Structures are given as C-alpha cells and as structure tokens.
Amino acid sequence: MAIVFRQETFRDDFTYRNSPGNIRRFPFPFDRDEYMYSVNMEPHVRGQAGTVYESLIDVDEHYVAEMQDRALVLKEDPLRYQALPHMMAAQWDTLELLMEEQAAGYPEHFTLIRNGDRWRWINRPLGIDDTFTFGDRSTLPYDPFEYITRQAQGDFCIVDQRDGNLWMDAGMVTTQADWSLDFDIGMNFMEWHGPVPLAHQIGVFDRALKFLLNLQLGKPTRRFNWTMTINPRLDTSPENYHKWGPDRTTVTPDNVGEKVHLRVELQSLWRLPRSNAILFVIRCYLISMNELVTVPKWARRLHRVLKTLPPELVDYKGLTRYRDNTIAWLSKHDDGAPTSPGIFPD
Amino acid sequence: MLVEGIKSRPVYGGIAIDPFARRHIFALEGEGALALLDQKPALTATMLNRSEVLYVAAGPKGLDHDLALAALKPDRFWQGPTIETLLFRLRGSLSAATMSTRLYISGREGFIGQCMQVATDMGMDFSSIPTEHRGSLARRVQCVHCKGITDDVRTSPFKCSHCGLNLLVRDHYSRRLGAFQGVNVDAEEPGTAPQAEELFA
Ligand code: HEM
C-alpha cells in the first residue's frame, strides 16, 4: 500500500504530527516499567506488518518532510556530512544497501535497476530518476554516501574496523540527540562514548564492542536508544544548542501534551561486504505526549520509567528542567494497573 | 597529573627515549624541556648525535631551558619564538624524516595536540608517538557552535574568543582537532552563566 507522505515541519511552526496509524506503529522502547543501560541487542529481522520492523530500513509518512529538513540543515552547515578519504568503498557499500532495502520494502516508491555497473535509481517520493556507474564517484552529484543518505530517514555513521576497535570515519548526522559528528569523527568506540555516564563502569561498552567486532554479513543487529525533546525538532545538535536549548524552559503543566516528545532511536548495525566496515543506522522517531497516551499501556509505563530513572541519566539526557511537569502530567494517565510484558500496545 | 577517567583524552605515557630508533625528533614546549633534560643520565652520545630538538619557551617555569637543551649537544637544536613557528619547523623535519625516525612530544596538552595533528596529517600513527604532559593544565578548547579554537583556557566557563558565547569546558577531547569541547553554558536561559572557576591552572 502506498504511503501518504505528510507535508510538515520540524522547526519554526512545528507542524509535525503522527497519524493514528503511525502512532500504533511507533517503536515504544520500554519492555518493562524501568530503564537502565544494558547491552540491549537483538537480531534485526523482519517483523509483523503494522510495526516498524515490517522492513529492515523503515520508510514512513514523514519521509519527504525529513529529507527536506536534512537538506536545510546541510545548507546551513555542510560539516554535518563528513567522510574520511579511506571510506570510499564503504560509501558504495552503503549506497547499495540502502537502495536495495528501500526498493525491496517499498517497490511502489523506489526502484533499483542494475545492469552490470550501470545502475538506475528511481525515487518517486522525491522525484529522482538517476542513472550512474556503480564505483564511479563522478557519475553522481554527491559522494555516494551523501547522495543516498539525502534520500534515507535517520542519521548514519560508517565505522571502520581495525586494530581491534571501531572508528567513526564517516557520517551523515542531522537529526542527532546532542552530539557532534565534526567533533567525534575519527574517534574510536570508547572515545566517542566517553561522555556517557555509568555504562562504561558496568561493562556495557566492553561487551557491546566485542559483539560488534564479530558482526556477520547478512546478520544485522538492532537496539533502542531514547531521550526526550521539546517540540518535534529533528536537529537537536550541540552546534545549535543555543538555538533550541531555550525550548526546555517553555514547558508548563498545561502544555506538556503538545510540547514534550519522546524521541526514540531504532539503531541497526550492518556489516558491509566490500569494506568490512559497519553501517550504524540511527532511525529517529518522535511522538508527543498527547499522541503517546492514546496507548494506555505506554502512558502508564513511560510515567513509571521517568519516575525511577537514575539521576545520572536524567542529567545526561537533559530532562532536568521539564521532568517533574511531565511526570505530573503523565500521572493522570497512570491508574497503577499492571502493564503487560513487551513493547507493543495491548 | 591530569584528571582521570576522560575516555576520549589520550594517555600521555612519557617520552623515554627509544634506543632502537635511528633518529629522534623532540618537540618540546616550556616545561616539556624537562621531560628530556630529566633523562640526561641515560642519554648516550650516539642517541644525541641522532637527535633533533625543537623548543619553544612557554609558561613561568618553562622560559629558560634553551641553554640546558643546547648543552646536551644534540645533532640539531632549534628554538622558535612561538608554537606556530615550531609547528612549521616540525612539518619540515618530518617531511624529510625516514621510517626509523621517532617523534617525541612534551609540553602542555594544547601543544601536544597540535604537534600530534601535524604528525598524523603526515601519515604517522598517533599510537607510535610518545607524549608527556608537562606544565599547566590549561586546555585548548573548540567552541562547538562557531568551531573557533581558544588556546590556554584556564577557567570554566569562559568566553569564546571568536563568537563570545559563554562556554562550559566539557571532558570530551578530539584528537583530530587537538581540543576539548566547549558548549554554551547558559543556552537554555541566557544570562544565567555561573561564575568562572579556575579549574585548569
Ligand atoms: C558502532 C556503532 C555506534 C555508534 C557510532 C554510536 C555512537 C554514539 C554516540 C555518538 C553517542 C553520544 C555520546 C555523547 O554524549 O557524545 C552514543 C551514546 C550511547 N551509546 Fe552508542 N554508538 C554505537 C553503538 C552502540 C552500542 C552497540 C551500544 C550498546 C550498548 C551503545 C550504547 C550507547 C549508550 C547507552 C549511549 C547513551 C545514550 C543516552 O543515554 O542517550 N552504542 N552512541
């Protein structure tokens, strides 16, 4: 079934909304009533229709608007896309993966026709029909990684594997939860995770790195990460923190429902065939509290998660100013009834 | 010497001379000179004949080590007026260097970071370069907003020397930039920046 793409904004007048159907397929990240960091990884395999697992690279009603927002960010700040010179093979790997997955998942919107090295890529929602030579940079208007990630929802990092570590050597990062690609590019797994509290001490990163170094081709893996954002803003970069930071002071008991958003990252990790690098996809989903409480289980659970969240995580995720208002607002939607296991609505 | 536990900050393990290197290049700033001078008893004539010492004076206790360094009688001794001139000279020395040359860097963290940038730009692997922190804890900081770098930052917060925002100095370091990250401290409520505290004296 063809997706109806919404016309909406993630800045200024913030017209972003989820349709009722899209709320039901929102990837609610909590499978229990409390949250702490863990090595929460599972195989990235297809799931049921009507969930974000329907396709391994998920495209939804926000696709066109998100791609427009990305173009705006890149126009203001081209450093949000960077790739070190040795990453060209991994760039082509990524282009192939994203074209194939999008075409397989959404044939009515995307078509890839391969004729030896001559490829034709048709992206109907964005009105693109390009023919190029796979492996020849000069036949595309951008680097292959930039070209395809201007046409794919989510942020993307390509990490190179060498010396028993992973190195963040390329990225397209315009919808991030407050970290800077320009600052982190070239760092290794432990270095770019430096600012994260508690997780180093409990061994999460040691185990996660070990797991990723052994990631197999054709067996992608996934995990959730989450935070909260005021207004449905995609670009919460540190670069622009002085522009979006003041939003955090605007939350009142009366406007929690429309202002406060749960921001979920469905992260998937893919071994790449030619380069042996790993593609890290950070697919970001936003849902307002008004929308979220239409699923009673999620309302109860988020209330409890926020109430019991370790203080280090409250601070790191930047929730301090509006957490109390949000908990009070959500408490009206929590009758204390037990919640069912798992993430899906009842 | 420096606060522990910053995962993205390099480990400055010391610059003990490598007896197997065919050539040694020392880039020394201020009190960094002492990292070499302290090794004097172990330095043989052969080692010194293979050594090039580049020095820039800096900091109250790092101003007058030129005579002592020259007295070691290395193959070459060079003193520059500023870090910038030393970096230029270092680039020249490294471009003429052969495989079995070892580079050693000692001084304040910002100096180490900038020499490291020159070396890695020229294709050297950072893990093969011994470094030693000497001198003040002052930090070199990049403003994450305007990307401007301010050297010798002693307080947090401080005013970005480029865009003027009040910046909190984070414990997050980029080797590529040779700098810590500075983030606007009163972004959420402009005008509420706390008093500057001298944290990196
Ligand atoms: C190779 C792929 C990965 C990349 C590129 C990546 C990148 C990042 C970055 C840039 C941050 C923000 C750090 C900051 O504050 O500056 C972050 C946070 C984090 N990462 Fe990763 N990461 C990867 C894989 C993983 C894996 C496999 C785990 C599994 C445990 C993990 C766990 C975390 C956690 C717990 C946080 C803190 C998130 C929060 O509380 O908001 N990461 N990651």
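Any read-out appearing in this document is the output of simple, stated calculations on the displayed coordinates, not a laboratory observation. Note that this is a predicted model, so its numbers are computed, not measured. Backbone-built Cβ (ideal geometry, glycine too); neighbour counts: all protein chains shown.
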State the Cα centre-to-centre distance between segment B:5-36 and segment A:211-277 in whole Å.
39 Å
Relative contact order of segment A:20-331, pairs being alpha-carbon contacts under 8 Å that are 6 or more residues apart, as %:
22 percent
Whole-Hz Karplus ³J(HN,Hα) for segment A:92-101, in order, using 6.51 cos²θ - 1.76 cosθ + 1.60 and θ = phi - 60°, x for Gly and Pro?
5, 3, 5, 4, 4, 4, 5, 5, 5, 5
Relative contact order computed over segment B:23-133 (Cα-Cα under 8 Å; 6+ residues apart), in percent:
33 percent
Strictly greater than 32 Å: what percent of every Cα pair in chain B meets that?
19 percent
Relative to the longest principal Cα axis of chain B, at what angle does helix B:109-121 sit, 0 to 90 degrees, rounded to 10?
70 degrees
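Tell me the trypsin sites (Lys or Arg not before Pro) within segment A:246-301 that lie in a loop according to DSSP and have at most 15 other beta-carbon atoms within 10 Å.
Numbers: sites: A:248, A:259, A:263, A:271, A:274, A:283, A:297, A:300, A:301; in loops: A:274.
Here the trypsin sites (Lys or Arg not before Pro) that fit, given the DSSP loop and packing criteria, are A:274.
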Averaged over its residues, how many other protein chain Cβ atoms are within 10 Å of peptide A:190-203's Cβ atoms?
3
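Can you give the net charge of the other residues whose Cβ lies under 12 Å from the Cβ of residue B:132, counting K and R as +1 and D and E as -1? All intermediate terms of the calculation are to be shown ahead of the outcome.
Values: positive: B:108, B:134; negative: B:29, B:31, B:38, B:109.
In short, -2.
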Estimated [θ] at 222 nm from DSSP helical runs (n ≥ 4, -39500 (n - 2.57)) normalised by residues in chain B, nearest 500
-5500 deg cm²/dmol
Using a simple spin-label model with points 7 Å from Cα along the Cα→Cβ vector, what separation in nm is obtained for residue A:13 and residue A:46?
4.0 nm
Using distinct alpha-carbon pairs, which all enter the 1/r mean, Kirkwood radius of the protein assembly as shown in Å
25.8 Å
So which residue, out of B:157, B:41, B:74, gets the largest mean-square fluctuation from a GNM of chain B using Cα contacts under 10 Å as springs?
B:41
Between segment A:1-66 and segment B:133-201, the Cα center-to-center distance that results, in Å:
37 Å
Largest fluctuation, B:133, B:65, B:162 only, Gaussian network model of chain B with Cα springs under 10 angstrom, belongs to B:162
Take every DSSP beta bridge whose two residues both sit in the protein assembly as shown, then give the antiparallel share in percent to the nearest 5.
70 percent
Kindly write out, for segment A:246-252 in residue order, the coupling ³J(HN,Hα) from the Karplus curve 6.51 cos²θ - 1.76 cosθ + 1.60 (θ = phi - 60°), rounded to whole Hz, with x marking Gly and Pro.
x, 3, 5, 8, 8, 7, 10
Please list the non-local residues whose amide H lies under 5 Å from the amide H of residue A:226, H modeled 1.01 Å from N, same-chain partners needing a gap of 5 or more.
A:265
Taking chain B as a Gaussian network, where each spring joins two C-alpha atoms under 10 Å apart, which residue of B:32, B:113, B:13 fluctuates the most?
B:13
Across segment A:160-173, in residue order, what do the Karplus-derived ³J(HN,Hα) couplings come to in whole Hz, using 6.51 cos²θ - 1.76 cosθ + 1.60 with θ = phi - 60° and x for Gly and Pro?
8, 10, 7, 6, x, 9, 10, 10, 7, 10, 7, x, 10, 9
Length released on extending from residue B:64 to residue B:99, taking residue separation times 0.36 nm less the Cα-Cα span
9.3 nm
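What does the average come to when, for each residue of peptide B:6-15, you count the partner chain Cβ atoms lying within 10 Å of its Cβ?
Working: counts 3, 12, 10, 2, 1, 0, 0, 0, 0, 0.
Mean inter-chain Cβ contacts per residue within 10 Å come to 3.
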Alpha carbon centre of segment A:118-161 versus segment A:73-105: separation in Å?
6 Å
